[in-house]
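So the structure is just underneath, and the comments pick up after that.
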Amino acid sequence: MIINKKPFIQDYDLYVQYLATREKNAALQELRRQGAELFSRVGLPSKSSEDWRYTDMQFLNDHKFNVCMSTPRTELENMREYCTNRKYYSHDDINIVFVNGMFSSEFSDYLNKSISGLEVLTLQEYLKQEDGIQLDILRRNPFDHHFPFGALNQAMLHDGTIIKIRKGATIEPIIHIIHVTTISQPLRKNHCCEFQLQANADKKQNRFKVCSCDELITSPRTIIVAEDHAKAKVLESHFSLIPDIEYFSNAVTDISLQPRSELQYYKSQNESLKAYHVGLTRVWQEEESNFDSFSFMTGSALARNNIDLVTNGPRTRTTLNALYSVNGKQHVDNHTSIDHRHPSAESYQFYKGILNGSSRAVFNGRIIVRSEAQKTKSYQLNNNLVAGKHCRVDTKPQLEIFANDVKCSHGATSGQLNPDEIFYLQTRAIQKRDAIKMLSHGFADEILNKIPLQAVREKLRIFLTPSLLTI
Amino acid sequence: MIEIKDLHAEVNGNQILRGLNLTIGAGEVHAIMGPNGSGKSTLTKIIGGHPDYHVTRGEILYDINLKKRNIIDMDPEERAREGIFIAFQYPVEIPGVNASEFLRASFNEICHHQGAEEMDPLDFDDFLREKMKVLEMDDKYIHRSLNVDFSGGEKKRNEVLQMIILNPRFSVLDETDSGLDVDSMRVVANGVNRLRSKHNAMLVITHYQRLLNYIVPDFVHILEGGRIIKSGEKDLALAVEDKGYDWLKK
């Protein structure tokens with residue numbers, strides 16, 4: 001099996017063989033094969049594709065990403081320290097933790113908190129269940145060539161989270177899915193995980209006394225199902241304990257909202273500033289369900305965040321809000337797509353961005369209103385605060401409306417801080433520097449304050465403050 | 001307190017002030033009236049230190065630590081710390097910046113500069129609520145973003161609230177009466193009057209005489225063409241109300 005013509009994933013074939021010896025599930029192996037086949041056919045997207053016009057992914061071909069199947073003990077100690085001392089990790093939440101792409105029972109506490117109506121499984125646990133054998137939940141929605149990273153995620157699939165909120169249940173605590181990547185400098189070149197040892201042995205490359213955990217690839221996979229009338233709050237976090245490690249995180253989240261269910265879904269991406277993050281969130285909303293989401297992005301050298309949402313029933317309500325704050329040479333690309341297929345849906349999108357240094361932001365908001373989807377209300381707004389001199393924003397609304405009785409609007413702005421606002425604060429004895437800081441926090445707070453959960457707002461601010469400091 | 005000498009100023013290359021002279025002593029309230037385009041707002045911006053407005057000649061001497069200092073090269077925040085306050089005609093709306101947190105930051109900056117102890121959030125909250133009562137302001141103000149969704153009248157009250165909290169030595173009130181109904185004007189004027197003392201001074205800039213019924217000035221000046229063309233006592237304001245400005249231009 002060839003994952004790509006250029007070997008941007010180290011020893012992919014050996015990896016698949018290795019996984020096959022660990023778990024024998026034929027459906028899972030078939031899914032991997034299909035993913036790899038699709039990805040190798042489509043390959044990494046380039047600027048020639050309209051969807052990737054501003055974000056060329058070809059550079060990944062120059063990398064060789066490694067899979068890590070076990071994390072060094074010292075890193076786990078760092079993680080323990082983090083979980084004990086940082087506000088971001090809280091025992092008030094239901095925590096499901098992955099370290100370097102591997103599920104960590106050590107830091108996950110969902111098993112200790114049995115909450116009526118909530119079912120949390122890792123993919124490995126799911127495989128042991130009756131419906132897990134056929135992997136129905138994973139096979140239901142195949143990936144297509146538009147987003148090859150979905151196929152790549154499937155090709156690499158070995159672990160993940162499956163969350164079911166049972167009919168009528170309301171889950172009060174935040175369900176926090178944490179994806180941490182951490183390999184500190186001295187270990188990057190000489191940590192040997194179980195898989196790499198085997199890979200080296202198989203290749204009979206005895207001259208490699210050590211192998212490498214430099215440039216990891218992780219493929220987080222999450223599935224959330226909210227059954228009829230169920231209510232829950234999920235926070236999906238991606239971050240690194242080390243600020244400057246290079247890795248590639250390729251996350252996919254599938255969310256299925258059954259009739260009249262409500263989900264608050266927060267995705268917080270604060271990867272290392274040298275990392276690459278590609279995320280795809282697919283949402284299917286049935287009748288009268290409510291999807292209230294917030295994407296928060298401060299990390300990664302390059303980040304691409306797709307939300308693809310489809311309504312499968314009438315009177316749905318959708319909110320996609322976001323805040324991105326980037327600096328230096330960071331590049332953040334948000335693509336949203338809301339496909340209104342049924343009548344009387346409401347959707348609201350408000351994406352705000354703060355750009356410093358010579359960073360770049362891309363926003364592409366696609367709104368489809370099909371002929372059946374009469375009485376749809378759909379609003380979209382993208383505001384950018386461009387604080388750096390060499391920043392660039394490409395923002396593009398994409399409205400495709402086939403129904404005649406709808407209300408849709410869109411708008412986009414990009415501009416600098418208003419000098420009159422700075423002056424006003426200065427006349428109140430606030431230093432210019434502080435005034436600028438206060439105004440950019442204000443710009444961020446306007447959207448952050450739309451998050452109904454204070455606990456989530458506070459968690460996100462932990463990452464926001466350092467990203468704004470250099471203004 | 002403050003002495004403006006032969007002040008010339010321009011904005012975007014347009015000369016607006018052309019030799020303005022004005023001296024205001026401690027304990028005095030001066031009013032400046034004038035037709036549209038006479039330079040009233042420019043004078044406010046110049047005193048505040050707006051970066052787009054440039055002094056081309058003249059000076060503004062202000063008493064700092066018993067010495068007269070020309071403030072035209074001082075940053076706006078430095079002037080504010082030395083007790084100069086501007087109540088703006090059009091206060092800006094700042095979404096996301098909480099009104100009371102902002103005011104506490106401002107208050108503490110001034111305390112810090114003057115060597116006084118900063119106030120913690122709880123004490124400040126009490127202090128703020130007490131002052132809000134003077135201006136008959138709604139409690140919900142505390143939780144709102146600065147001036148966002150405030151009515152014209154609420155914005156003006158908020159300016160005067162800031163003035164009362166920051167307790168400046170020299171205040172400029174730029175058209176504080178615009179957008180206020182008669183009842184609100186009485187409340188706002190009452191707030192301003194409580195601040196009057198022999199230690200501070202005020203410059204009230206207005207288009208109409210009616211505000212001066214509530215904030216009674218010691219002196220009234222008529223600004224026209226960027227300089228003061230006539231000065232007098234409060235009767236002058238009544239004369240302007242009666243006869244307009246044209247008779248003064250001759």
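The values are calculated or read from the model by the stated rules, or taken from the named source; none is laboratory data. Computed from a predicted model, the values in this text were never measured in an experiment. Neighbour counts are summed over all protein chains in view; Cβ atoms, including those assigned to glycine, are modelled from backbone coordinates with ideal geometry. When the accessible area is computed, the model is the full protein with side chains, heavy atoms only, and any ligands, DNA or RNA have been set aside. Shrake-Rupley method; radii C 1.70, N 1.55, O 1.52, S 1.80 Å.
Across region B:1-82, what fraction of all alpha-carbon pairs, as a whole percent, falls in each successive 10 Å bin from zero upward?
P(r) over region B:1-82, rounded to whole percents: 17, 52, 28, 2.
For region A:227-349, how big is Rg over Rh, using alpha carbon atoms and the Kirkwood form of Rh?
That ratio is 1.03, to two decimals.
So what is the orientation-averaged projected area of chain B, using the convex hull of its C-alpha atoms, in nm²?
Taking the Cα atoms of chain B, their convex hull projects to 13.2 nm² on average.
Enumerate by residue number the GluC sites (Glu not before Pro) in region A:115-182 meeting two conditions: DSSP loop (anything except H, G, I, E, B), and at most 14 other Cβ atoms within 10 Å of the site's Cβ.
Those satisfying the criteria are A:Glu130.
For region B:99-175 and region A:118-164, what is the separation of their Cα centres, given in Å?
55 Å
Pick out, in residue order, every one of the trypsin sites (Lys or Arg not before Pro) in region B:148-203 that is DSSP loop and has at most 16 other C-beta atoms within 10 Å; say none if there are none.
Within region B:148-203, the qualifying trypsin sites (Lys or Arg not before Pro) (loop, at most 16 other Cβ atoms within 10 Å) are B:Arg196, B:Lys198.
Taking +1 at the Cβ of each Lys and Arg and -1 at the Cβ of each Asp and Glu, which of A:Gly313, A:Phe248, A:Gly328 sits farthest along the dipole of region A:237-339 towards its positive end, judged by Cα position relative to the Cα centre?
A:Gly328
Go through region A:330-412 and name the chymotrypsin sites (Phe, Trp or Tyr not before Pro) that are in a DSSP coil and have 14 or fewer other Cβ atoms within 10 Å of their Cβ.
Passing both the DSSP loop test and the Cβ count: A:Phe402.
So how far apart, in nm, are the two label points at B:Thr23 and B:Glu101 if each is 7 Å from Cα heading toward Cβ?
Result for the modelled spin labels: 4.7 nm.
Within chain B, what whole-number % of the accessible surface is contributed by carbon and sulfur, with the 1.4 Å probe and all protein chains included in the calculation?
44 percent
Over chain B, with a Gaussian network built from C-alpha contacts below 10 Å, which listed residue (B:Val204, B:Val182, B:Val29) shows the highest mean-square fluctuation?
Of B:Val204, B:Val182, B:Val29, the most mobile in the Gaussian network model is B:Val182.
Give me the tail of P(r) for region B:184-231 as a percent: Cα-Cα pairs with distance above 15 Å.
Counting pairs separated by more than 15 Å, the tail of P(r) holds 51 percent.
Which FRET efficiency, nearest 0.05, do B:His113 and A:Gln134 yield, Cβ-Cβ r, R0 60 Å?
0.25
Per residue, how much accessible area does region A:407-463 show when a 1.4 Å probe rolls over the protein heavy atoms, in square angstrom? The partial results should precede the final answer.
On the way: 2550 Å² over 57 residues.
Heavy-atom SASA per residue in region A:407-463 reads 45 Å².
Could you give the distance between the Cα centres of region A:262-312 and region A:323-377, to the whole Å?
11 Å
Bin all alpha-carbon pair distances of region A:1-114 at 5 Å intervals from 0 and give each bin's fraction as a whole percent.
Going from the shortest bin to the longest, the percentages are 2, 9, 13, 15, 14, 13, 14, 14, 6, 1.
Per Stokes-Einstein, at 25 °C and 0.890 mPa s, what whole-number D in µm² s⁻¹ belongs to region B:62-163, with the Kirkwood radius over Cα pairs as the hydrodynamic radius?
Answer from the Stokes-Einstein relation: 165 µm²/s.
Rg to Rh for region A:323-471: what is it, with Cα atoms only and Rh by Kirkwood? Don't skip to the end; give the middle numbers.
On the way: Rg = 17.7 Å, Rh = 16.8 Å.
So for region A:323-471, dividing Rg by the Kirkwood Rh gives 1.05.
Write down the Å³ per residue value for the convex hull defined by the alpha carbon atoms of region A:316-356.
In region A:316-356, the Cα hull volume divided by residue count equals 42 Å³.
Grab the alpha carbons of region A:309-377, take their convex hull, and tell me the volume per residue in Å³.
Roughly 60 Å³ of hull volume per residue.
List the extent of the Cα atoms of region A:35-182 along each of their three principal axes, largest first, rounded to whole Å.
48, 39, 28
If each Cα of region B:1-140 is one equal point scatterer, what is log10 of I(q)/I(0) from the Debye formula at q = 0.10, 0.11, 0.22 Å⁻¹?
Debye output, listed in q order: -0.44, -0.53, -1.39.
Roughly how compact is chain A, stated as its Cα Rg over 2.2 N^0.38 Å to two decimals? Mind showing how you got there, number by number?
Details: Rg = 22.1 Å, N = 471, 2.2 N^0.38 = 22.8 Å.
Relative to the rule-of-thumb radius for its length, chain A sits at 0.97.
Between B:Leu195, B:Leu128, B:Leu66, which gets the highest mean-square fluctuation from a Gaussian network model of chain B, Cα cutoff 10 Å?
Checking each option, the largest mean-square fluctuation is seen for B:Leu66.
Mean-square fluctuation check for chain B, GNM, Cα pairs under 10 Å: which of B:Met163, B:Met74, B:Met132 is largest?
Greatest mean-square fluctuation among the candidates belongs to B:Met74.
Test of understanding: express the Cα radius of gyration of region A:241-296 as a ratio to 2.2 N^0.38 Å, with N the residue count.
Its radius of gyration relative to the 2.2 N^0.38 Å reference: 1.44.
Just want the answer: with Cβ charges of +1 for Lys and Arg and -1 for Asp and Glu, which residue in B:Ala237, B:Met185, B:Ala201 is farthest toward the dipole's positive end in region B:162-250?
Highest projection toward the positive end goes to B:Ala201.
Assuming a viscosity of 1.002 mPa s and a temperature of 20 °C, what translational diffusion coefficient in µm² per second does Stokes-Einstein assign to region B:111-250, Rh being the Kirkwood radius over Cα pairs?
Details: Rh = 16.9 Å.
Using the Kirkwood radius from Cα pairs, D works out to 127 µm²/s.
Find the all-direction average of the projected area of the Cα convex hull for region A:271-319, expressing the result in square nanometres with one decimal place.
3.3 nm²
Over region A:345-415, how many percent of alpha carbon pairs lie in each 10 Å bin up to the one with the longest distance?
Values per bin, smallest distances first: 21, 42, 23, 12, 2.
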